[in-house]
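Notes to accompany the following structure.
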Amino acid sequence: MILKEPIVILANGAFPKSEIPLNILKKAKNIICLDGATNNLIKYGIEPTLIIGDLDSIKTKYKTKYKNIIIEINDQNQNDLRKALNWIEKNNYKSVTVLGATGNREDHFIGNIFGILDTDYSIEIELITDYGVFQILKKGEHIIQSHIGQTVSFFTSKKTAKVSTFMLKYSFIKKNISDSFSYTLNESISNSFKVEILKGKVLLFTGHK
C-alpha cells in the first residue's frame, strides 16, 4: 500500500477535541489508526486508510469490515505507536503527525513520549495534542515558528545533550542539559526562536497558546 503524505497516525488515547488537531485530522491524506482508535475515528465520520496493532481493542465488526487494510502485529515488546512508526520508516516515508497519543492512560502517554525520544527514527515526528506540539530536535540549527508568550519546554532522557537557544525568555548558550526537568516552562519572546543542538537530541514542547 502506497500512502500519500501528509500521513497522520491516530493513537488510541483521548480523541482530539481542540481545533488544531481536528483540522489536521480532517486534512490528512491518509490516516493510520492504531487498533481501537478505529472505533473513535469512524464514530467521528472518517474512515481509516490503514489499521496497525495487535487488534485487542478494535470492534469485531470493524476488524471484519476493514480486514484488507489491517496489519496485525502481535509483538508485545512494542506498543502500537512504535509498530506504526517502524512500518512508516521501513516504507521510506519522511514524516508523520501523531494525534490521540495523550489522555485516558498516563502510562501509555509516557511510553509514547519515551518511545519517540529514545528511538533513533530517521523520520520527522510531530506529536500534537489539544494543548501543544512535541517534536525531536537533533544535532544542528533549528528555527521554530512561534509567538510571543508561547510556552517552550525541553526534555531529554540522557545527560549528553548540549544546547544553545536564542529569543527565549531564559536563553542559554552551550548548556549541558543534565536532567529531564530543569529546562521546562520557558517562554518565547518573538515570532520565532532558534535552537542549536551541539550534541545529542532533545524533545521540544511548544504550547498552542
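The values are calculated or read from the model by the stated rules, or taken from the named source; none is laboratory data. From a predicted model like this one, the values you see are computed outputs, not experimental measurements. For neighbour counting, all protein chains shown are included, and Cβ atoms are generated from backbone atoms with ideal geometry for every residue, glycine included. The accessibility values were calculated without ligands, DNA or RNA, using every heavy atom of the protein model including side chains. Shrake-Rupley method; radii C 1.70, N 1.55, O 1.52, S 1.80 Å.
Key figures
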{"quantity": "Charge context of residue 96, other residues only, Cβ under 15 angstrom, K/R +1, D/E -1", "calculated": "+2"}
{"quantity": "Carbon/sulfur fraction of accessible area - the chain, other protein chains in place, 1.4 Å, %", "calculated": "50"}
{"quantity": "Loop-resident sites, the stretch 157-191, for trypsin sites (Lys or Arg not before Pro), counting at most 16 other Cβ within 10 Å (DSSP)", "calculated": "158, 159, 169, 174"}
{"quantity": "Nearest-ten-degree value, helix 80-90 long axis tilted from longest Cα axis of the chain", "calculated": "80"}
{"quantity": "Dipole magnitude of the chain about its Cα centre (Cβ charges: Lys, Arg +1; Asp, Glu -1), debye to nearest 20", "calculated": "340"}
{"quantity": "Rel. contact order, % - alpha carbon contacts under 8 angstrom, at least six apart, the chain", "calculated": "19"}
{"quantity": "Per residue solvent-accessible surface (Å²) - the chain, probe of 1.4 Å", "calculated": "54"}
{"quantity": "Gyration tensor (alpha-carbon) shape descriptor, the stretch 133-174, a/c threshold 1.5", "calculated": "prolate"}
{"quantity": "Charge dipole magnitude, Cβ of K and R +1, D and E -1 - the stretch 129-188, Cα centre, debye nearest 20", "calculated": "400"}
{"quantity": "GNM top mover of 111, 100, 45 - the chain, alpha-carbon springs below 10 Å", "calculated": "45"}
{"quantity": "Cα shape, the stretch 1-66, gyration tensor, a/c 1.5 rule", "calculated": "oblate"}
{"quantity": "With at most 11 other Cβ atoms within 10 Å, longest stretch of the chain clear of loop chymotrypsin sites (Phe, Trp or Tyr not before Pro) (DSSP)", "calculated": "1-169"}
{"quantity": "Pairs beyond 28 Å (Cα-Cα), from 43/201; 29/139; 90/199; 26/90; 61/83", "calculated": "43/201; 29/139"}
{"quantity": "Residue pairs, from the table 65/94; 27/94; 27/194, whose Cα atoms sit over 21 Å apart", "calculated": "65/94; 27/194"}
{"quantity": "Gyration tensor verdict on the chain (Cα atoms; rounded if a/c is under 1.5, prolate if a/b is larger than b/c, oblate otherwise)", "calculated": "prolate"}
